[in-house]
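A quick write-up on the structure given underneath.
Just so it is clear, none of the values below were taken in a lab; they were calculated from the coordinates. Note that the coordinates shown come from a computational prediction; the quantities given were computed from them, not determined experimentally. All Cβ positions, glycine included, derive from the backbone under ideal geometry; neighbour counts span all protein chains shown.
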Amino acid sequence: SSSSECECKCECDGNVVELIEGDVMKSETIPSCDVIFMKHFLDRCMWTEEETVQILETCSNSLLDDENGMIILGEAVIPDRSSCTSTTPCNDNDNANDKKYVDQNTSSLFTFSQDEKEILFALDALYMLVGRERQRSVTEWILLANKASLQVKEIIPTLSPSCYLIVLKKMTR
């Protein structure tokens, strides 16, 4: 192996976790695996929507098991416009026409408290002030995943308001 390759193996509760190098645009460079984890990798300032869908498709193609394989994203998630109140600023890019394509059970994967909404909108404004594009809403993550034939199974909060764990699985046929 060359010095530019990144390969690391560690053991956690008897399971081996292997970090590997690959090109997210070329599925042949990513070996088959059970789980793919990416943190703050799919920001809008890094990739176009089409490239993001391609990355998710490439990762999906590398999952060994259609039923149990998963992609876990550590990304910011902001509330949907429909979950805002008259006193909370909302995301103007939420499109009501897109919402009809989102499964009603999936759109309620995660609810935000009023405090969380205020913190997330402040962080979103901060991102825009420093030249980054705004963060994606719950519905936008769902629609993006669907374009890559994936579904959002769960959105899990972490201790960081700018990082939620978005669990994606292949759509069942």
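At R0 = 25 Å, how high is the FRET efficiency between residue 51 and residue 72 if r is their beta carbon distance? Nearest 0.05 is fine.
My answer for the efficiency is 0.80.
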Mean Cβ-within-10 Å packing, highest first, puts peptides 32-40, 72-80 in the order 72-80, 32-40
Contour minus Cα-Cα span, residue 27 to residue 165, at 0.36 nm per residue, comes to 47.4 nm
The answer for residue 171, listing residues at least 5 apart or on another chain whose modeled amide H is closer than 5 Å to its amide H, is 150, 151
For the range 121-172 (alpha-carbon point model, no solvent) the Debye-based log₁₀ I(q)/I(0) at q = 0.18 Å⁻¹ works out to -0.67
